[in-house]
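To keep things clear, I will list the structure first and then write my remarks on it.
The values are calculated or read from the model by the stated rules, or taken from the named source; none is laboratory data. Every value quoted in this text rests on a predicted model; they were computed, and no experiment measured them. Please note: Cβ atoms are built from the backbone with ideal geometry, for glycine as well, and neighbour counts cover all protein chains shown. Ligands, DNA and RNA are excluded from the accessible area calculation, which covers all protein heavy atoms including side chains. Shrake-Rupley method; radii C 1.70, N 1.55, O 1.52, S 1.80 Å.
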Amino acid sequence: MFVASTYSKKQIFTDVEPDLVIFHANQLVTMDTTFGAPRINEEMSELAIIHDGAVAVKDERIIFVGTTEELMSKFEFGKIHTKINAKNRLVTPGFVDPHTHVIFGGTREIELSLKINGKTYLEILNEGGGILKTVRETREASLAKLIENGKKILDRMMFYGTTTAEIKSGYGLTTESELKILRAAKILNEEHPIDIISTFLGAHAIPPEYKDNPDDYVDLIISEMIPTVVKEELAEFCDVFCEKGIFSIKQTRKIINRAKRYGLKPQIHIDEIVDTNGALLAAEVKAIQTGHLLKSNDHGLKAMADAGIIATLLPGTPFCLMSNEYAPARKMIQMGIPIAIATDLNPNCWTESMQMIIALTCYNMKLTPAEALSAATINSACALQRQDEIGSLEIGKKADLIIFEVPNYHFIPYHFGINLVSKVIKNGKIVVDNK
Ligand code: NIG
Ligand code: FE
């Protein structure tokens with residue numbers, strides 16, 4: 001289990017004067033990782049809250065976490081440039097959204113009526129809609145257009161409190177268009193305050209050109225796409241949509257093992273619609289995180305728990321598919337599987353709001369507000385292997401945090417469907433200020 005190495009940095013900051021402080025927070029949710037990360041079982045309820053809490057920031061790092069009284073006695077208050085009084089407010093680490101498909105062309109609002117009239121996700125896809133419609137429109141979109149669309153989405157994500165996000169490719173499905181998506185993500189990472197971690201998802205659907213010979217598409221992914229993506233340093237992770245009628249277990253294993261040999265970290269979309277034994281494969285290939293898991297069997301879940309593989313649950317997807325079935329999150333927690341949550345933002349399930357996802361997690365998967373908040377911060381940082389940099393408020397970590405209008409964390413899912421954010425601080429700078 002990971003133990004925060006950031007504590008060793010404590011001394012470095014002892015004599016440094018902060019340039020920004022937040023004080024008098026009614027609740028400062030630190031998500032302290034002294035006892036390890038990710039949080040599992042009952043650890044998910046332990047938020048390490050400081051009442052009348054304070055944080056001090058120098059440049060982009062946290063240099064102090066404690067009570068307001070301790071802050072006042074430690075630093076010369078008058079000299080500090082930016083002082084934020086968080087009286088009656090909640091302060092938490094910035095949200096980490098570890099599973100998104102932010103970069104796409106076009107929109108799919110028309111499919112909502114089809115779904116209401118009973119069409120299934122796979123029926124829409126087989127009729128050329130769904131992912132395949134987005135693929136056509138993404139192929140047609142220029143790099144500049146994808147960046148423009150992506151920037152608008154990232155702005156909204158930040159407005160709702162997200163400070164780090166994963167972005168997958170997967171709506172190109174040719175070498176050139178997959179590279180175009182990943183280049184857009186790379187440029188957005190350089191230009192936008194949100195930190196972006198890129199994932200190559202060439203195996204998102206079988207493109208129409210390969211309808212009759214899908215194994216040839218798998219070969220293209222393996223022999224051309226993965227080597228090019230790695231050569232151009234365009235992704236850190238590789239993902240596969242492993243599902244009946246999309247990519248089989250055998251094809252997924254082949255792609256993931258090749259990706260690992262090229263140095264990409266593995267993750268998989270598994271068991272969303274049908275149980276294909278995806279959880280067992282995730283344990284076998286030692287995936288860092290897995291998405292969906294609505295249908296995973298107990299044998300596979302046990303293997304995931306034993307291997308410490310993170311289940312990134314995506315309750316926005318069954319919500320948008322109008323299904324009553326959600327991932328069995330309570331059972332997973334009981335089994336000791338580390339749970340993260342994410343928006344899965346895509347043209348079928350379009351929300352930028354991790355606050356909304358926390359609400360869906362509580363109301364539909366029966367996680368408590370505390371468990372859901374752990375899943376949206378420290379555990380989602382672990383899903384991206386960033387737990388030593390983000391996901392908690394600790395000395396040495398990046399100063400990524402949210403100040404909420406509300407007095408305690410229970411409000412996040414309780415008062416749902418609106419934006420409760422007052423301010424967002426990213427890398428020590430105020431990037432959202434809802435005055
Ligand atoms: O994670 N499941 C596969 N991919 C996305 C959906 C993509 C789409 O419908 O455009 C997901 O839900
Ligand atoms: Fe997804």
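Within the span defined as the stretch 158-168, every residue fails to be in a helix (DSSP H, G or I), within 16 Å of ligand 2 (Cβ to nearest atom) and assigned by TED's automatic domain parsing to the domain that holds L321.
Suppose we keep only residues that are under 12 Å from M335 (Cα atoms) and among the acidic types (D, E) within the stretch 283-321. Which one would you say is most open to solvent (accessible area, probe 1.4 Å)? Taking the candidates together, the pick is D306.
Taking the stretch 30-147 as the region of interest, none of the strands (runs of 3 or more DSSP E) fully inside it holds 3 or more residues being in the same structural domain as M356 (by TED's automatic domain parsing) and within 16 Å of ligand 1 (Cβ to nearest atom).
Conditions first: (1) touching a residue at least 60 places away in the same chain (Cβ under 8 Å); (2) closer than 22 Å to P208 by Cβ; (3) open to solvent by 50 Å² or more (accessible area, probe 1.4 Å); (4) out of contact with any helix residue (DSSP H, G or I) (no Cβ under 9 Å at 6 or more places or on another chain). I116 passes all but one, so which condition is the exception? Looking at each condition in turn, I116 falls short on (2). Against the test of being more than 25 Å from I103 (Cα to Cα) and buried (at least 24 other Cβ atoms within 10 Å of the Cβ), the options I357, I425, I412, I430 yield a single qualifying residue, I412. The set of residues in the stretch 169-189 that are part of a helix (DSSP H, G or I) and in contact with a strand residue (DSSP E or B) (Cβ under 9 Å, 6 or more places away or on another chain) comprises T175, E178, I181, L182, A184, A185, K186, L188, N189.
Let's see how each residue does on (1) under 14 Å from the mean Cα position of the chain (by Cα); (2) within 11 Å of ligand 1 (Cβ to nearest atom); (3) closer than 19 Å to G170 by Cα; (4) of a type in the set (K, R):
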position	(1), (2), (3), (4)
A259	no, no, yes, no
Y262	no, no, yes, no
T290	yes, no, yes, no
H299	no, no, no, no
K331	no, no, no, yes
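For beta carbons closer than 9 Å, sequence separation of 6+ or different chains, a first residue in the stretch 21-43 that is closer than 22 Å to K58 by Cα and a second that is open to solvent by less than 10 Å² (accessible area, probe 1.4 Å) and basic (K, R), the qualifying pairs are M31/R39; T33/R39. Among the conditions (1) within 15 Å of ligand 2 (Cβ to nearest atom); (2) surrounded by 24 or more Cβ atoms within 10 Å (Cβ to Cβ), M225 misses just one, which is (1).
The residues of the stretch 302-314 that are over 19 Å from L384 (Cβ atoms) and either of a type in the set (F, W, Y) or within 21 Å of the chain's Cα centre (by Cα) (or both) amount to a single one, A305.
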